[in-house]
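Chemist: Sending over a structure as structure tokens; questions will come in a sec.
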Amino acid sequence: GGHNWEKKVSRSAQTRSGLTVLVTGAAGFVGTHVSIALKRRGDGILGLDNFNDYYDPQLKRARRKLLDRAGVFVVEGDINDSELLRKLFDVVAFTHVMHLAAQAGVRYAMQNPGSYVHSNIAGFVSLLEACKSATPQPAIVWASSSSVYGLNSKIPFSEKDRTDQPASLYAATKKAGEEIAHTYNHIYGLSITGLRFFTVYGPWGRPDMAYFFFTKDILKRRAITIYEAPDHGTIARDFTYIDDIVKGCLGALDTAKKSTGSGGKKKRAAQLRIFNLGNTSPVPVSELVSILEKLLKVKAKKKVLPMPRNGDVKFTHANISLAHKEFGYRPTTNLDTGLKKFVSWYQDYYSGSKKRVARAFSNI
Ligand code: NAD
């Protein structure tokens, strides 16, 4: 708290564009990129993140340094802390909330189910309660996930397809978020847009994701495990480059209509939208590995195992025509190009050389 804190908050939230955005999960992978992009174009930004240790907290602190340099202040706190949220909404009149805080990861849900309920369900409700009571009521854009399509076998996935067979607790909490969004839209007139991201990758990415730990393990000459699905051969993902996701987030934000409620009461029907943000070209994990081998100039030691029932689905593939129609979403980075950028960031960031680490920080 205190005077200095409020000064930092107000400076970070100062807007040239008229938009003022609260970004939750700002020290996360997607949150960092989105916050910096919004700040650069003149929006007022305030970050919120609890800096949990689900993965390397040092990477989150490094992202915070990056954000700090870009003029984005990140408040350390939990989205379940309603008193803190009230305070933030009192100090700043947010026009938008970009909600990216969540417990991510499919497999970890088997170890720590409670953290998914805490962040993805209780935390989302806590945030929506704060938005509902705020004046003005901000429009909300939040991250859902391609995992809501679950065991759906129809490809490509389009927004109208069934989402009633989540394969993991993570997916179930993301699906629950979509139901909760419907309710808050219906009762309180909140304008809410959900974005179903498809396997996002890139510089400053998440160490718990395959492309990231494969890179690490291949460089350390450690064996990597590739899972094989019984029918499709290897598992495939619609890998989507972070810059494309950022463009999609900005497009969704800029086309979000205002909420129509005020003081917790609904006035007119407000919008509720759901969009896929993917790349539309799934790549087998075996090909992901070959691209990495080529870029790293190291042959991977591979162990192939049958796919366990750990919450993963075999295949993801986005139909993105809805996001294209609504805000011109069109991904432009293929996996070769995107991984090249990731690998060069990775090699700089973990090089141990001052000069190269500085380059990792300047390349965003
Ligand atoms: P991330 O884990 O890097 O970022 C999430 C951030 O939220 C973290 O910095 C974490 O510290 C913070 N956080 C978690 N719980 C919190 C809480 N209760 N209060 C405050 N902060 C909290 O993940 P990401 O890859 O940047 O994902 C961003 C969003 O996109 C998440 O909602 C995720 O579920 C969703 N998503 C990501 C992908 C992907 O491939 N990266 C795919 C689909 C959906």
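The values are calculated or read from the model by the stated rules, or taken from the named source; none is laboratory data. Since we're looking at a predicted model, the values are computed, not measured. Every residue, glycine among them, receives a Cβ derived from its backbone with ideal geometry; neighbour counts consider all protein chains shown.
Chemist: Please enumerate the residues belonging to the stretch 57-71 that are in contact with a Ser or Thr (Cβ under 7 Å, 6 or more places away or on another chain) and under 21 Å from Tyr349 (Cα atoms).
Modeler: Of the residues in the stretch 57-71, the ones in contact with a Ser or Thr (Cβ under 7 Å, 6 or more places away or on another chain) are 63, 66-67, 71.
Scanning the stretch 57-71 gives Arg63, Leu66, Leu67.
Chemist: Still on this model: Say we look at the stretch 168-204 and pick out the residues that are in a strand (DSSP E or B) and of a type in the set (Val, Ile, Thr); which of these is nearest to the ligand (Cβ to nearest atom)?
Modeler: At the first step, the residues of the stretch 168-204 found to be in a strand (DSSP E or B) are 192-197, 200-201.
If we keep only those that are of a type in the set (Val, Ile, Thr) too, we end up with 192-193, 200.
Numbers: Ile192: 14, Thr193: 13, Val200: 4 Å.
The residue in question is Val200.
Chemist: A further question follows. Restricting attention to the stretch 41-50, does a residue exist that is buried (at least 18 other Cβ atoms within 10 Å of the Cβ) and under 30 Å from Arg309 (Cβ atoms)?
Modeler: Let us first name the residues in the stretch 41-50 that are buried (at least 18 other Cβ atoms within 10 Å of the Cβ), namely 43-50.
Now restrict to residues that are under 30 Å from Arg309 (Cβ atoms): none.
No; the residues of the stretch 41-50 include none that is buried (at least 18 other Cβ atoms within 10 Å of the Cβ) and under 30 Å from Arg309 (Cβ atoms).
Chemist: Report whether or not Tyr188 is farther than 21 Å from Ala101 by Cα and touching a Lys or Arg at 6+ places or on another chain (Cβ under 9 Å).
Modeler: Values: farther than 21 Å from Ala101 by Cα: yes; touching a Lys or Arg at 6+ places or on another chain (Cβ under 9 Å): yes.
Judged against the criteria, Tyr188 is a match.
Chemist: I'm trying to understand the selection: among the residues of the stretch 19-54, which are under 19 Å from Tyr108 (Cβ atoms) and either more than 7 Å from the ligand (Cβ to nearest atom) or not hydroxyl-bearing (Ser, Thr, Tyr) (or both)?
Modeler: So in the stretch 19-54, the residues under 19 Å from Tyr108 (Cβ atoms) come out as 25, 27-31, 49-54.
Passing the criteria: Gly25, Ala27, Gly28, Phe29, Val30, Gly31, Asp49, Asn50, Phe51, Asn52, Asp53.
Chemist: Determine the pairs where a residue that is under 22 Å from Ala104 (Cα atoms), located within the stretch 174-187, has a partner that is of a type in the set (Val, Ile, Thr) and modelled with pLDDT of 95 or more with Cβ atoms under 6 Å apart, the partner being 6 or more residues away or on another chain.
Modeler: From the stretch 174-187, the pairs are Lys174/Val148; Lys175/Val148; Lys175/Thr163; Ala176/Ile121; Ala181/Ile192.
Chemist: Kindly evaluate Val72 against the criterion of being at pLDDT 95 or above, more than 9 Å from the ligand (Cβ to nearest atom), over 30 Å from Ala210 (Cβ atoms) and of a type in the set (A, V, I, L, M). Explain how you work it out, then say what you get.
Modeler: On the way: at pLDDT 95 or above: yes; more than 9 Å from the ligand (Cβ to nearest atom): yes; over 30 Å from Ala210 (Cβ atoms): no; of a type in the set (A, V, I, L, M): yes.
Answer is no for this residue.
Chemist: Name, by its number, the condition in (1) touching a Phe, Trp or Tyr at 6+ places or on another chain (Cβ under 6 Å); (2) within 24 Å of Lys174 (Cα to Cα) that does not hold for Gly338.
Modeler: (2)
Chemist: Asn80 is checked against (1) closer than 24 Å to Ser147 by Cα; (2) more than 10 Å from the ligand (Cβ to nearest atom); (3) more than 17 Å from the chain's Cα centre (by Cα) and fails just one. What number does that condition carry?
Modeler: (2)
Chemist: Then there is this: For Asn319, state whether it is surrounded by 17 or more Cβ atoms within 10 Å (Cβ to Cβ) and under 23 Å from the mean Cα position of the chain (by Cα).
Modeler: Values: surrounded by 17 or more Cβ atoms within 10 Å (Cβ to Cβ): yes; under 23 Å from the mean Cα position of the chain (by Cα): yes.
For Asn319, the condition - surrounded by 17 or more Cβ atoms within 10 Å (Cβ to Cβ) and under 23 Å from the mean Cα position of the chain (by Cα) - is met.
Chemist: So, in the stretch 309-364, of the ones that are in contact with a Ser or Thr (Cβ under 9 Å, 6 or more places away or on another chain), outside any loop (DSSP other than H, G, I, E, B) and among the hydroxyl-bearing types (Ser, Thr, Tyr), which residue ends up nearest to Ile274 (Cα to Cα)?
Modeler: By that ranking, first place goes to Ser321.
Chemist: Right, here's the next one. Is it true that His118 is modelled with pLDDT of 95 or more, under 23 Å from Ile364 (Cβ atoms) and either surrounded by fewer than 20 Cβ atoms within 10 Å (Cβ to Cβ) or within 20 Å of the chain's Cα centre (by Cα) (or both)? Spell out the reasoning first.
Modeler: Values: modelled with pLDDT of 95 or more: yes; under 23 Å from Ile364 (Cβ atoms): no; either surrounded by fewer than 20 Cβ atoms within 10 Å (Cβ to Cβ) or within 20 Å of the chain's Cα centre (by Cα) (or both): yes.
The answer is no for His118.
Chemist: Taking only pairs six or more apart or across chains, which ones have beta-carbon atoms under 8 Å, a first residue in the stretch 268-291 that is among the acidic types (Asp, Glu), and a second residue that is modelled with pLDDT under 95?
Modeler: Every condition considered, no pair remains.
Chemist: Within the stretch 129-143, count every residue that is away from the ligand (no atom under 16 Å from the Cβ) and under 16 Å from His182 (Cβ atoms).
Modeler: From the stretch 129-143, those away from the ligand (no atom under 16 Å from the Cβ) are 132-139; that's our starting set.
Checking which are under 16 Å from His182 (Cβ atoms) leaves us with 132, 139.
Of the residues in the stretch 129-143, 2 are away from the ligand (no atom under 16 Å from the Cβ) and under 16 Å from His182 (Cβ atoms).
Chemist: Can you find a residue that is part of a strand (DSSP E or B) and either at positive phi or among the hydrophobic types (A, V, I, L, M, F, W, C) (or both) anywhere in the stretch 31-44?
Modeler: First, the residues of the stretch 31-44 that are part of a strand (DSSP E or B): 44.
Right, trim to either at positive phi or among the hydrophobic types (A, V, I, L, M, F, W, C) (or both) and you get none.
No, every residue in the stretch 31-44 fails to be part of a strand (DSSP E or B) and either at positive phi or among the hydrophobic types (A, V, I, L, M, F, W, C) (or both).
Chemist: Here is a follow-up. Of the numbered conditions (1) more than 12 Å from the ligand (Cβ to nearest atom); (2) under 20 Å from Ala143 (Cβ atoms); (3) touching a strand residue (DSSP E or B) at 6+ places or on another chain (Cβ under 7 Å), Lys8 satisfies every one except a single condition; which is it?
Modeler: (2)
Chemist: Follow-up question, since we're still on this one. Looking only at the stretch 205-215, how many residues end up being in contact with a Lys or Arg (Cβ under 8 Å, 6 or more places away or on another chain) and either of a type in the set (Lys, Arg) or near the ligand (Cβ under 10 Å from one of its atoms) (or both)?
Modeler: 1
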